[in-house]
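This report concerns only the one structure given below.
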Amino acid sequence: MHGLGNDYIYLYENDLPDNLRNDKSLSELAIKYSDRHFGIGADGIILIKDTKDYDFFMQIYNADGSKGEMCGNGIRCVGKYVYERGLTKKTHLEIDTLAGVKYLDLKLVNNKVESVVVDMGEPMLHNGDKVDLDKCLHNLKIDDKEYQVMDISMGNPHTVIFVLDITDELVLKEGPKIENNSYYPNRTNVEFAKVVDTGIVQMRVWERGSGETMACGTGACAVATAYMLKNPEIKEVTVKLRGGDLKIKWQANNHILMEGPATKVFDGEI
């Protein structure tokens, strides 16, 4: 499945043999099957688990085998998966993640999930403090270049950089350097953003553990948050990603709402 081209292999834990129900095995599978030439091809694996306190739990394994806290595009596809497979009849879901509980509203067309609205919670600073323009904004030196960056967490860390032009040089060369910079002990996701018009921002993303992806939901929320911190009169932003558009709203309760599609590509058996 994919959300705007940000694609994952979706597994339901109850379908797995017991020997694969552990982090080590799933990390190895993520590395093996994410390979686009010798595997299935994906940005990673998303495991869907039953849980007592909420509707489901979502665990992300990136293409390099590392674990991710949250994936905005992925969680929309989780909603589509569990509804269309008959694992739930609910259209309002509570999905637990390593970044906390997220709330989904499924939008149906002919009883199929066409799009999903996700309450992504409050944007924060990387240290967990309340987000603030002055505190998230700082300069970061990479080799002989200095960037003005904005560090924002959507349950996972993001580093947003506004530029006049988004180039391959920035994304593919500077992205991994910033991801692995010693300033970020747990690494970071890197977004290069360009303001297209009032309330419209274009972005490309270098994702921690996966490299460049077609889209990143939490990254789009971070970019929109950064833009709205700079333009506090604006509360709704369209973020244009390589895979399509996401609509982001900053609500009065400080929660970020994200709306976008979820698309099934194929089923398979390994």
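Extending 7 Å from Cα along the Cβ direction at PHE38 and again at ASN14 yields two label points whose distance is 3.5 nm. Stretched out straight at 0.36 nm per residue, the stretch from LYS112 to THR238 would grow longer than its current Cα-Cα span by 42.9 nm. Structural descriptor for region 128-215: relative contact order 21 percent, calculated from alpha carbon pairs under 8 angstrom and at least 6 residues apart.
Coupling constants for region 89-101 follow from the phi torsions by the Karplus curve (6.51 cos²θ - 1.76 cosθ + 1.60, θ = phi - 60°), and in residue order they are 9, 7, 10, 10, 10, 10, 10, 7, 9, 5, 9, x, 7 Hz; glycine and proline get x. Counting only DSSP beta bridges whose two residues both lie in region 196-257, roughly 80 percent are antiparallel.
Along region 159-168 the Karplus relation, 6.51 cos²θ - 1.76 cosθ + 1.60 evaluated at θ = phi - 60°, assigns HN-Hα couplings of 10, 9, 10, 8, 9, 7, 9, 8, 10, 4 Hz to successive residues, with x for each Gly and Pro. As a rough guide to protection, the peptides 15-22, 142-149, 171-178 ranked by mean Cβ packing within 10 Å, highest first, stand as 171-178, 142-149, 15-22.
Between beta-carbons, use under 10 Å as the cut-off and find the net charge around GLY41, counting Lys and Arg +1, Asp and Glu -1. Neighbour charge sum, excluding GLY41 itself: -2.
Using only the Cα atoms of region 1-137, build the gyration tensor, take square roots of its eigenvalues as a ≥ b ≥ c, and label the shape rounded, prolate or oblate: rounded if a/c is under 1.5, else prolate if a/b is larger than b/c, else oblate. Oblate, since a/c reaches 1.5 and b/c is not below a/b.
Is the shape of region 133-252 best called rounded, prolate or oblate, per the rule: a/c under 1.5 gives rounded, else a/b larger than b/c gives prolate, else oblate, with a ≥ b ≥ c the square roots of the Cα gyration tensor eigenvalues? The shape class here is prolate.
Across region 178-187, rounded Karplus estimates of 3J(HN,Hα) from the backbone phi angles (6.51 cos²θ - 1.76 cosθ + 1.60, θ = phi - 60°) give 5, 3, 9, 5, 5, 5, 10, x, 9, 6 Hz, Gly and Pro being marked x.
Count Lys and Arg as plus one, Asp and Glu as minus one, and take only other residues whose Cβ is under 11 Å from that of LYS90; the net charge is then -2.
Between ASP134 and LEU87, the simple label model (points 7 Å from Cα in the Cβ direction) yields a spacing of 4.6 nm.
No lab work stands behind these numbers, since they all come straight from the coordinates. Just so it is clear, the structure is predicted and the values come from calculations on it, not from any experiment. No Cβ is skipped: glycine too gets one built from the backbone with ideal geometry, and neighbour counts run over all protein chains shown.
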